[in-house]
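What follows is one structure encoded as C-alpha cells, with my remarks underneath.
The values are calculated or read from the model by the stated rules, or taken from the named source; none is laboratory data. What you are looking at is a predicted structure, and each value in this text was computed from that prediction instead of being measured. Every residue, glycine among them, receives a Cβ derived from its backbone with ideal geometry; neighbour counts consider all protein chains shown. What goes into the accessible areas is simple: the full protein's heavy atoms, side chains included, and nothing from ligands, DNA or RNA. Shrake-Rupley method; radii C 1.70, N 1.55, O 1.52, S 1.80 Å.
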Amino acid sequence: MTTTDPAQARVAERLEDEASVLDAADPLRAHRDAFVGAETSLVYFDGNSLGRPLRASVDRLAAFARDEWGGRLIRGWDESWMQLPFDIGDAVGRAAIGAAAGQTVIGDSTTVLLYKLVRAAFDAALAADPARVEIVVDRDNFPTDRYLVEGIAAERGGRVRWIDVDLARGVSAEALAAAVGSETAVVLLSHVAYRSGYLTDAATLTRIAHAAGALIVWDLCHSAGSVPVEADAWGFDLAVGCTYKYLGGGPGSPAFAYVASRLQDRLAQPIQGWMGAADVFAMGPEYRPAGGMRRFLSGTPPIVGMLAMQDTLDLLEEVGIEAVRAKSIALTQFAVRVADELLAPLGVTVASPRDPAERGGHVTLSHPSMRAVTARLWTQDVIPDYRDPDGLRIGLSPLSTSFTETIAGLRAVEAAVRAES
C-alpha cells in the first residue's frame with residue numbers, strides 16, 4: 001500500500017513527473033530497448049549483481065551453437081577460439097578499464113583469478129625482500145577477497161594486516177597509509193565497495209602502496225563498466241573483475257585479469273596448467289610458462305561463457321564510459337533524492353556516500369525491516385538485493401535502467417516498508 005497522506009502523494013506525483021522529464025532528456029534512453037525484458041513492468045534493481053542480457057547476445061549464443069560449435073566443431077579452436085580470451089580481454093581493456101592491448105585476458109572465475117594474482121604478487125614481493133610478509137586488506141572487503149587473503153597468508157607463511165573501515169564508506173588514503181610499510185608485500189582493495197557503493201580514489205591509493213614498496217591488486221567487480229577506470233594511467237599493478245554485472249556476460253561468466261606489462265614476465269602464477277605453457281601443444285615433460293598474458297591462463301578457456309559480454313563491450317565502446325558514468329550519477333542522485341523525500345519519513349536512511357564523486361553505481365538504503373522488505377518486493381517483480389546489516393541495495397545499470405523504472409521501484413519500496421513496519 002502507498003501513503004494516503006495528501007502531501008506525500010503530491011511529492012510522489014512530482015517525482016514521477018520528474019522521472020518522465022529525465023527519461024525524455026536522457027541521451028542513452030534508446031539503448032534500453034536493446035535489453036531483454038526492458039519492455040516489461042518488472043523493476044530490476046540488481047544490475048550490480050547480474051546484468052540484463054542484450055537481445056544481440058541471445059542471437060549470438062544461438063548462432064554460435066548452430067554455426068561455430070555445431071558447424072566447425074573442433075576446428076573452432078584453431079580458427080578463433082584459442083585467441084578469443086585475449087581479443088575479448090583487450091576489448092575489456094579498451095571499453096572498461098583503460099588498459100592498452102596485451103594486458104587483459106578472460107580466464108577463470110573471479111575467485112580463481114584473484115587467488116592467482118594475489119599469490120603471484122605475494123611470492124614476487126617476498127622473493128625480492130624476505131621482510132615483506134604482510135597482505136593488507138580491509139575488513140569490509142567482499143568475503144571472497146578476505147577469505148583468499150587469509151588462505152594465501154596461511155599457505156605462504158605470511159600474515160594479514162587488516163584495515164578497519166566505516167561500513168557506509170570504505171578505505172581512505174589515511175587508513176591505507178597507516179597500514180602499509182616495509183613489511184607489506186601486497187595490498188588488495190575494491191575500487192567500489194560492494195556494500196556501500198563507496199568509490200575509492202584508486203590513483204591515490206595505488207601511489208600510497210607503491211610508496212611503501214608494495215604491489216597492489218584491484219578488485220574491479222563493482223566498477224568495470226559502471227565508472228571510469230584508468231588502469232594504465234593510474235599505475236595499477238594487477239586487477240581482477242567479474243563480467244556478469246555491468247559487462248553483460250551472463251550468470252557465472254568468466255572474469256578478467258589485468259597484469260601491467262612491466263610485471264608479466266616477473267610474476268609466476270601458481271596454477272600451472274597446459275594453457276599457460278609456452279607451447280600449448282608441445283605437451284612436454286615439464287612446465288615452461290608462456291610470455292605475456294598467456295602465462296596467467298591455466299585450463300581450457302570457457303568459450304561459451306565469454307560470448308555474451310562481447311555485445312555489451314561493443315555498446316560500451318560505442319557510447320563511452322564517460323556517458324555511462326554521467327547517467328549513473330544522474331540515476332543514483334535521483335534515487336537518493338527519492339529516498340530522502342519518500343523513505344526518510346519512514347525511518348529509512350541512505351547508507352552510501354552522498355557525494356556522487358565518492359559513490360559507484362549502487363545505493364544502499366538501511367532500515368531494520370529491509371530483509372523482509374526485499375523478500376516481499378521479489379514476489380512483486382521488484383528486484384533489489386539485501387546485504388547485512390539491514391541494507392537494501394539499489395543497483396542502477398545506466399544502459400538498461402530508466403528514471404521511470406527507478407521511481408516505480410522506490411515507490412514499491414515505500415509501500416513494502418510501510419507493510420513490514
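Values as computed for the structure displayed
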| item | result |
| --- | --- |
| Over the chain: helical MRE at 222 nm, DSSP H runs n ≥ 4 each giving -39500 (n - 2.57), nearest 500 | -11000 deg cm²/dmol |
| Ser49 - accessible surface, heavy atoms, 1.4 Å probe, Å² rounded to 10 | 30 Å² |
| Hz values of 3J(HN,Hα) by residue in the range 378-383 - Karplus curve (6.51, -1.76, 1.60), Gly and Pro given as x | 4, 6, 9, 6, 10, 10 |
| Rg over Rh [alpha-carbon atoms, Kirkwood Rh] for the range 218-327 | 1.02 |
| Two-site label geometry, Arg418 and Ala211: point separation in nm, points 7 Å out along Cα→Cβ | 5.2 nm |
| Alpha carbon centroid spacing (whole Å) that separates the range 111-140 from the range 329-361 | 36 Å |
| Largest to smallest accessible area among His362, His210 [probe 1.4 Å] | His210, His362 |
| In Hz, Karplus ³J(HN,Hα) per residue of the range 348-364 (6.51, -1.76, 1.60; θ = phi - 60°; x = Gly, Pro) | 7, 10, 8, 9, 10, x, 7, 6, x, 5, 10, 10, x, x, 9, 10, 9 |
| Under-5 Å amide H pairs with Arg161, H placed in peptide plane, nonlocal only | Ile135, Val136, Val137 |
| Rounded percent of accessible protein surface that carbon and sulfur make up, the chain, 1.4 Å probe | 55 percent |
| Positive-end extreme of charge dipole, the chain - chosen from Tyr198, Ala153, Pro384 (charges on Cβ) | Ala153 |
| Highest-MSF residue in the chain out of Thr200, Thr243, Thr144 [GNM, Cα springs under 10 Å] | Thr144 |
| Phi to ³J(HN,Hα) by Karplus 6.51 cos²θ - 1.76 cosθ + 1.60 over the range 406-421, Hz, x for Gly, Pro | 5, 5, 4, x, 6, 5, 5, 4, 4, 5, 5, 4, 4, 5, 9, 9 |
| DSSP beta bridge pairing in the chain, given as percent antiparallel to the nearest 5 | 50 percent |
| The range 203-219 and the range 379-421: distance between their alpha carbon centers, rounded to Å | 36 Å |
| Amide hydrogen neighbours beyond the local backbone of Thr364, cut-off 5 Å, H modeled | Ala351, Ser352, Ile394 |
| Approximate shape of the range 288-421 as ellipsoid semi-axes (Cα gyration tensor, √5λ), whole Å, largest first | 35, 18, 15 |
